[in-house]
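Here the structure is laid out as structure tokens; the discussion comes afterwards.
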Amino acid sequence: MALTITCPVCGKRNGYEFRYGGEDKGPRPVEEGMTPRSWCDYVHMNACVAGVQKEWWCHKNGCGAWFTIHRNTLTNLEVEGVEVTS
Amino acid sequence: MRLDRLPTLRINPSETCTLHYNGKTSAGVAGDTVATALYANGVRVFGRSLKYHRPRGLYSLDGECSNTCMAVDGIPNVRAENTPAKNGMHIDAQNVQGSADFDWMGFMDKLDWLMPAGFYYRTLHKPACLWPFALKQVRKVAGLGKISPDFKMKGRYAEIYPTADVCVIGGGAAGMSAALAAAEGGLRVILLEARPWLGGSFDYRVSPYDGEKALYQRARELAAQVEAAANIRVFKHAANVGLYNNNLVTAFQVGPEGGAFDERYIEIRAASVVVATGCIERPLLFENNERPGVMQVGCAHRLARTYGLLPGRRAVFSIGHDLGLEAAVDLCDLGMEIACVADIREDGQNPDLLLALAEREIPLLRGWVAAKAYGAKQVKKVTLRTLEGSVKRQLECDLLVASAGRTPLTGPLTLAQARLRFDAHTGYFLPADLPAKMHAAGSLTGRNHPLAIEASGRLAGLKAAADCGANTAEAVAAAAARLSQLPGPERGTKLVMAPVKGRKSFICFDEDTTVKNIKQAIDMGFDVPELIKRFTSAGTGPGQGGIPGHNLPLFAARYQALAGATPVPTTARVPLVPTLLATYAGAHHDMCKRTPLDELQKRDGGVFRRIGVWQRARYFSEDFSCREEVLNVRNNVGMLDGSTLGKFRLHGPDALKALQRVYVGNMVKLTPGKIKYSAMCNEDGCVIDDGVVVKIAENDYYFTTSTVRAGETAEWFRYHTRYDGWDYHIVNFTDALGVINVSGPNARKVLQKVADADLSNEAFPFGGYREFVIQGGIPVRAMRLGFVGELSYELHAPASYMVCLWQILAAAGKEFGIRNFGVEAQNVLRMEKCHIILGVESEQRTNLLDLGLGFLWDRHKTETKTVGTVALRQVEADPARLRLVGIEMDDPRRAPRDGSILVDKRIRGYVCTARRSFTLERSVGMALVEAEMAALGTRLEIYEDECNGQKLAARVVPMPFYDPQGNRMRM
Ligand SMILES: [Zn+2]
């Protein structure tokens, strides 16, 4: 895999070590007044940005942390500026 | 006869090997390729072409086309030019009926007028009913290698993943200079070379490098320096196949005979990359330009200089580059008669070479080109014409060395997204811009002077070192200054094709695409090379565009010159050269896990099966119905190795919140000493896991998951709490702890003998959790569960105690006749109780409610944002779902196979698990059916694979089948 990912704990590693956790859509919305459609949108619909997007990755073959990175989907390269969230 | 004294040889004539081809044995020598060994034995026709069955021979000696693709030891489409000859190899020609020399399908060549461009697309699909028939006939006569369905690939395949500061692709003079320059400051450098030796285009040439040395001597000098540098790792016989962003370089390496691997995959992560892949030759387009006996300059020259084989007796040259003149002079010196050299160029030749030709009295025709080759299977005669075609001359020869010019190997650069631009001076597609930390060097950039090639390599190597943080600014400036004083790129020939119509001028050999086909495609409106490529399939064969890559865009632009077309290259794709799938597959280690009781289970006669990542004992006899194992648990007592169960500790101040988030049950109500069965859903409400949770102490929990979910559970918890910043820890004990299940009416009697605790039903009831010690030394966590439906103890103990614990229990149970049961017996036992296994009684779309497990869900804990509950609430009233039901077969001795479908006029559901039950003397099971068929008593018809329309009859019955009140597990 050409992609490398910078884990906040372990540093820059081969993309093989990570699991993709989807686009960062923010925490789950409140349940009050939610329709099947709006719930389905939250769970399954993606922005599919052609460019830089913020997304979740898990260092599954490493420290096990979930964290977000910014990745350019056109070049499949990580963009500098990693945020630690857990 | 080999020229066995040449200093440039890469063979060892004193060491011979034997190949089997065409019913004969052929002798080769050490260092031969399959193709050169056969050539030495007089083979000139190596195979027949894809569509027209035209004879094909040695052309590039680098595997740029399928001409010499052969079956080697049963492997089809092996590039004979790139494959080292090994003793005892069996070689077969491809796409021949008869032999390569006498092919019964040779008449196909006369039928080319029947097969215009896009023939298959346009002709054979209409009417559509004709296609299956046409397909069969086409497959019989067209195509390259065949493989037997029973073929088993032999050999050892490996993979390595090295890291480098600088990776240099190409081990010619430029690549070696780049590697040496990059390595000067101590950086780690990797050098990849496709041929089995370093040296590139210098390796076989005796022309002067400087006043003292010849080119080949310079190449060996550089190679010695490279090999001696401790920080340069050289991979020879390693063809680059891919180049990705982030400078990930992939290659396939052929191993030495008798070495540790036959072929291996190399994946290199480099900080900076230098591409120095050099040039190949641009084929000359004329009539019968691929007839055996027509070959490229480098092929003829290297046959002699590298392999000691004079390619012919009397040669005509039709070339467009100084390398052609150089080869003519050298081959003349080696004893070949050169009838004539036709040079496309009117002027611009190297004066030293002109002088050398004159000294040898070799006639030179400037502004002339080969127009047609004659000879049924081999060249016998050639027509030369002036470029505009007005004057012609015919010459007899058995070798026609033909090449229009050179073409840079830009494949790796295009893979890395470099933009290529047509350069009018050289006629090449040259990189207009390069990605970051990537550099091009050598003849690839259009330079041809040996010193300029080396200087451009050194410059690229120093720039690459700078990418890695080395301070090479001064050295870079000096190298750039030196390069600017050396000769720049030379003017390339403009000629695209000889002055002919092109009916038999082949632009792509692999796909039998002629110039005429290209014209047809353009006339039909396929106006850009990418479209022409797909419609005519030019460049889609094993040679990956090596032959048509340059000519196709040049010709397309030329043909449409009035429309203002400019040459646009087609896209290169991975793999850049053909590779074995076996190498991609790699070493194929079976990565499985074994439980601490593995040895004991084997000794007891366990029959093992792979289940997920584990090897588990599925049966303990050859009776796969497991009758004895099942009845022994029902009537007596049995032991099962349950160590594969997922086991976790969850602790910390926010541990309870985390449990509440992922489990559908309410964990607030947990009390120490009691277990709670619960399930996890995904965001769609579909069940992904079930297991039990125990509260060990405040903020400290122990829980189990199913075997297949163990690997992902920690990740699942962390994912679903990722926004919360909660303080808890999850520890995976799956491998640290083992599990033994003691089950059956006599289980208490066995366990009581060795446990230090009161195990009476009052002291340790069903659903309880206790910690005690076995035989004064082994700490166990015990749970009273009823998965198999009998009195049952699940004992969790540290993995290192497991063998001992098993032996203690086995000894204690001896007087009762305790015996092992395996996973299949457990499967039957739990099925009789209708206890589900997720993934068996469920699939991806099955939710908690479908399984009748709605009672596990606590609807009132909405503030916990439990995963899956939003969706569950939304589908609660949905009637259009499958339901899990119990089924009983009309025939008590015949259960359907798992996964069989339930049908009436359409598919209405499927059988999850069904077995003949020896306990009940009925055949029963569980099935997922459409809700309207879930009512008790509904008749079902089951369609089993290969049932020949004889459907099996069943009906819906109450669950569970065995001990519906659950008294036996509460004993
Ligand atoms: Zn990490």
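The values are calculated or read from the model by the stated rules, or taken from the named source; none is laboratory data. Quick caveat: nothing in here was measured; it's all calculated off a predicted structure. FYI the Cβ positions are ideal-geometry reconstructions off the backbone, even for glycines, and counts take in every protein chain you see.
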Just one listed residue, out of B:His796, B:His729, is touching a residue at least 40 places away in the same chain (Cβ under 8 Å), away from chain A (no Cβ under 14 Å) and not small (Gly, Ala, Ser), and it is B:His796
State whether the residues of the stretch B:632-646 include one that is within 14 Å of another protein chain (Cβ to nearest Cβ), of a type outside the set (Ser, Thr, Tyr) and within 30 Å of A:Tyr42 (Cβ to Cβ). no
Boolean, B:Gly646 is over 26 Å from A:Met34 (Cα atoms) and surrounded by 19 or more Cβ atoms within 10 Å (Cβ to Cβ): yes
Could you please tell me which pairs satisfy a Cβ distance under 7 Å, a separation of 6+ or placement on different chains, a first residue in the stretch A:53-80 that is closer than 10 Å to A:Phe18 by Cα and without any contact (Cβ under 8 Å) to a residue 24 or more places away in the chain, and a second residue that is β-branched (Val, Ile, Thr) and within 16 Å of the ligand (Cβ to nearest atom)? none
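Restricting attention to helices (runs of 4 or more DSSP H) lying wholly within the stretch B:534-615, give those where 3 or more residues are within 25 Å of B:Ala404 (Cβ to Cβ). Steps first, answer last, please.
Working: elements: B:548-559, B:581-585, B:598-603.
Passing ranges, in order: B:548-559.
I'd like the full set of residues that are basic (Lys, Arg) and either assigned to a loop (DSSP other than H, G, I, E, B) or within 8 Å of chain B (Cβ to nearest Cβ) (or both), limited to the stretch A:41-64. Reasoning before the result, please.
Step one: list which residues in the stretch A:41-64 are basic (Lys, Arg), which gives A:54, A:60.
Selection gives A:Lys60 alone.
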Please enumerate the residues belonging to the stretch B:372-381 that are assigned to a strand (DSSP E or B) and surrounded by 22 or more Cβ atoms within 10 Å (Cβ to Cβ). B:Ala373
Do you know which residues across the stretch B:782-808 are under 46 Å from the mean Cα position of the chain (by Cα) and assigned to a strand (DSSP E or B)? B:Glu794, B:Leu795, B:His796, B:Ala797, B:Pro798
Test B:Tyr216 against the criterion of being hydroxyl-bearing (Ser, Thr, Tyr), touching a residue at least 40 places away in the same chain (Cβ under 8 Å), in contact with a Phe, Trp or Tyr (Cβ under 9 Å, 6 or more places away or on another chain) and within 14 Å of chain A (Cβ to nearest Cβ), and give yes or no. no
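Go through A:Trp56, A:Trp39, A:Trp66 for me and flag whichever is hydrophobic (A, V, I, L, M, F, W, C) and within 13 Å of the ligand (Cβ to nearest atom).
On the way: A:Trp56 fails: within 13 Å of the ligand (Cβ to nearest atom); A:Trp39 fails: within 13 Å of the ligand (Cβ to nearest atom).
Matching residue, one of A:Trp56, A:Trp39, A:Trp66: A:Trp66.
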What number of residues in the stretch B:92-102 are crowded, with 22+ Cβ neighbours inside 10 Å and either in contact with a Ser or Thr (Cβ under 8 Å, 6 or more places away or on another chain) or more than 23 Å from B:Asp32 (Cα to Cα) (or both)? 2
Residues (more than 9 Å from every other protein chain (Cβ to nearest Cβ) and crowded, with 18+ Cβ neighbours inside 10 Å) located in the stretch A:1-10: A:Ile5, A:Cys7
Are there any strands (runs of 3 or more DSSP E) wholly within the stretch B:195-283 with 1 or more residues that are in the same structural domain as B:Gly469 (by TED's automatic domain parsing), at pLDDT 95 or above and more than 31 Å from the chain's Cα centre (by Cα), and if so which? none
Among the candidates A:Arg13, A:Arg28, residue that is away from the ligand (no atom under 15 Å from the Cβ) and within 12 Å of another protein chain (Cβ to nearest Cβ): A:Arg28
Exactly one condition in (1) within 22 Å of B:Ala271 (Cβ to Cβ); (2) more than 11 Å from every other protein chain (Cβ to nearest Cβ); (3) assigned to a loop (DSSP other than H, G, I, E, B) is false for A:Thr75; which is it? (2)
Where the second residue is among the hydroxyl-bearing types (Ser, Thr, Tyr) and surrounded by 15 or more Cβ atoms within 10 Å (Cβ to Cβ) and the first is within 19 Å of B:Lys494 (Cβ to Cβ) and lies in the stretch B:561-580, which pairs have Cβ atoms under 9 Å and are six or more apart or on separate chains? B:Ala565/B:Tyr559; B:Pro569/B:Thr410; B:Pro569/B:Thr414
When you look at B:Val693, is it surrounded by 22 or more Cβ atoms within 10 Å (Cβ to Cβ) and either more than 30 Å from B:Ser923 (Cβ to Cβ) or touching a residue at least 24 places away in the same chain (Cβ under 8 Å) (or both), yes or no? no
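If we keep just the residues of the stretch B:430-448 that are closer than 20 Å to B:Ala223 by Cβ and not hydroxyl-bearing (Ser, Thr, Tyr), which is modelled with the lowest pLDDT?
Checking each candidate, the answer is B:Leu444.
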